[in-house]
Each structure stands twice: as C-alpha cells, then as structure tokens.
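The next block holds one structure in the form of structure tokens; read it before the comments.
The values are calculated or read from the model by the stated rules, or taken from the named source; none is laboratory data. Owing to the predicted nature of the structure, the values given are computational and were not obtained by experimental measurement. All Cβ positions, even for glycine, are placed from backbone atoms using ideal geometry, and neighbour counts span all protein chains on display.
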Amino acid sequence: MIPFSVLDLAPVTEGSDATQAFANTLDLARHAERLGYQRYWLAEHHNMPGIASAATAVLIGHVAGGTRTIRVGAGGIMLPNHAPLQVAEQFGTLASLHPGRIDLGLGRAPGTDQATARALRRYFDGADTFPQDVVELLHYFEPAQPGQAVRAVPGAGIEVPVWLLGSSLFSAQLSARLGLPFAFASHFAPDSMDEALALYRREFQPSARLQQPHAMLALNVIAADSDAQARYLFTTQQQAFVNLRRGRPGLIPPPIDDIESFWEPHEKLGVERALACSVVGAADGVEQGIRAFIERHRPDELLLTANVYEHAARVRSFEISAQVRERLG
C-alpha cells in the first residue's frame, strides 16, 4: 500500500488560541506517528487568524522535538517570501537536530493576500525568480567547495529532501526538470491535477536526488463513526472556504446542522469545485473513496488533511484513515 502522510495547518478554532493549536498539533503528530503515517507536514500561511503555522520552521522543530520517528517537514515553505540562504540554514539546522527526519517542500505562492505579501517585503521580487531560487537553495545543501564564498552553516553537505509543491503545470514541469519529488495541492485546487501529473511523469529527468518520479496528492478525508457525523464535521471546512471567499477569513468555525442555509448557490458551486478531492463518511465509505481516488490517479503517496473543529474528532478521523490504509494494503 502507498504511504499516507498528514498535512496540518495548526488550526485555531473559535474559542481557542494559538497555544492550544500548537498543543493539538503535537498531539496529532504523536498519534500520526503511532498510527504509521509517513510524514507530518506543516504549511506556511500569513495573516490567517485560523492558521497558526506562519513560522513554519519553528513549528517543525517543535513537532520533530516531540516525536521520535515520523518525518516532519514543510508543505510548504513559500520560497519567494524568503532568501534561499536563510531557508537552507533553517532546514540545515532542523536536519542537524533531527537527522534523517526533515523534509522541505517549496511553494511559489505567497501564502496570503496581496497586502500581507507586500508586508513580507520579498514576495513580489522573488516570485519571478522562483526556478533560480530553487536551484540556489539546492546548491546550498551540496558539500561546500574550497573557496566557496557563501555557504549554509549548517546546511552544506546535509541531506534534506526537497519537494516542489504546486497547483498548476508550472511546478510540475520544474519538478520534472530538476528531478525532484512533486506534491500537488489537489485538496483545494484540483482542476489541473491530472494534466500536471501526466506532465511531471512524462518529462521527469532523473537526478542525484531522485531516480524515478514520485508524486504525492493531497486529499481531504473527513472520517467519523457514521456518514451523518462525517458530513456534519465537514461543514467546518465548507464554512471556512466560504468565509475566505467572502474576504472574511477568521477562526475555524464549529460545524453546523444545515450548511444549505449558510451559503448562496454560487458559493456552494465554488466550494464543491475547490473541495472536489474530498472523501467524507464512515470507514466503509472512506475506504471506497480512497480506493477509487488511488485507482484513478495512481499517486505514489497520499497527503491527508482534515479541517475538523473538535480536536478529538480530528484525531479520530486520522485513526479511521489509518485503519482504511491497513485494509487497502
């Protein structure tokens, strides 16, 4: 069976705060480790009240320090917001503290709105040079050469797997050209998924880092002890998407009984399209949904995410998904 991994945004729910969000993240990571998940990734977002993973490298260190075996990484670092050298130093440090357990996924988007991107200072200068910045960053992880003027300390000569993330053909093509593993953001932007996968696999060029293409697809999985309970939990994510589209991102809302009374018809269509790669239900339905997704798209790995309001219910969702993985295997 292909590996299952976890994508976490360190959600801050209504009535809670970042301190509790970080405690929940570490608790979920420990459960994921016990349940046999391959990786635990955290994503860089800014100016989002409901997402506490803005200082992504710091949070990765917290999670890696509180677990023992699971790989921990970024899904991802939005590289145009940062100087490549600084990212290499941060992840060289993490990989030195936690050898063999740190992943670095890189994205090209700002991870925020335009006003915040301007406040980050670097994004609008860095987005167009993303391919060059990726190459520069990869260079910093190579062994330092005599006379090399700038090196990452720590970072040089340290093995840090680097992934490219994306929701378009751009990152698929760049991943293929550089011989890197590729993760597609199908959990919120599935439109180009099949085309991007085909392009990546067709144009992949083996590299010192990777000999065969390796594609990971993100999938929303909301699992519960009944179909009705799972659909109820899923309304949290549906509300959050509508609030974001309305320009009012906020804390993660509790689920509601009647989602139809919450959204307008055009909002419903938009959310259903964005969240088309979602499996929601009890164990049997989740198994059927994941099996169908794998058979259709043939990913090398699945990255599961579950935006669930109550922490215990989120943990339970990942427990059921792990049981499904065992049955599929």
Some residue of region 104-112 being part of a helix (DSSP H, G or I) and not charged (D, E, K, R): no
Odd one out for Ala276, checked against (1) assigned to a helix (DSSP H, G or I); (2) surrounded by fewer than 16 Cβ atoms within 10 Å (Cβ to Cβ); (3) not aromatic (Phe, Trp, Tyr): (1)
Those residues of region 269-285 which are touching a residue at least 40 places away in the same chain (Cβ under 8 Å) and under 20 Å from the mean Cα position of the chain (by Cα), in sequence order: Arg273, Ala274, Leu275, Ala276, Cys277, Ser278, Val279, Val280
Of all residues making up region 294-329, the number that are assigned to a helix (DSSP H, G or I) and either of a type in the set (A, V, I, L, M) or more than 21 Å from Asp225 (Cα to Cα) (or both): 11
Flag for Gln86 being surrounded by 21 or more Cβ atoms within 10 Å (Cβ to Cβ), assigned by TED's automatic domain parsing to the domain that holds Asn307 and closer than 21 Å to Pro154 by Cα: no
Region 36-57, residues that are touching a residue at least 12 places away in the same chain (Cβ under 8 Å) and farther than 23 Å from Phe318 by Cα: His46, Asn47, Met48, Pro49, Ala57
Leading residue by the ranking (surrounded by the most Cβ atoms within 10 Å (Cβ to Cβ)) among those in region 1-39 that are in contact with a helix residue (DSSP H, G or I) (Cβ under 7 Å, 6 or more places away or on another chain) and among the small types (Gly, Ala, Ser): Ala32
Residue list for region 281-315, restricted to those being closer than 17 Å to Ile252 by Cβ and either in contact with an Asp or Glu (Cβ under 8 Å, 6 or more places away or on another chain) or among the aromatic types (Phe, Trp, Tyr) (or both): Thr305, Tyr309, His311, Val315
Residue in region 111-126 that is aromatic (Phe, Trp, Tyr) and out of contact with any Asp or Glu (no Cβ under 9 Å at 6 or more places or on another chain) present: yes
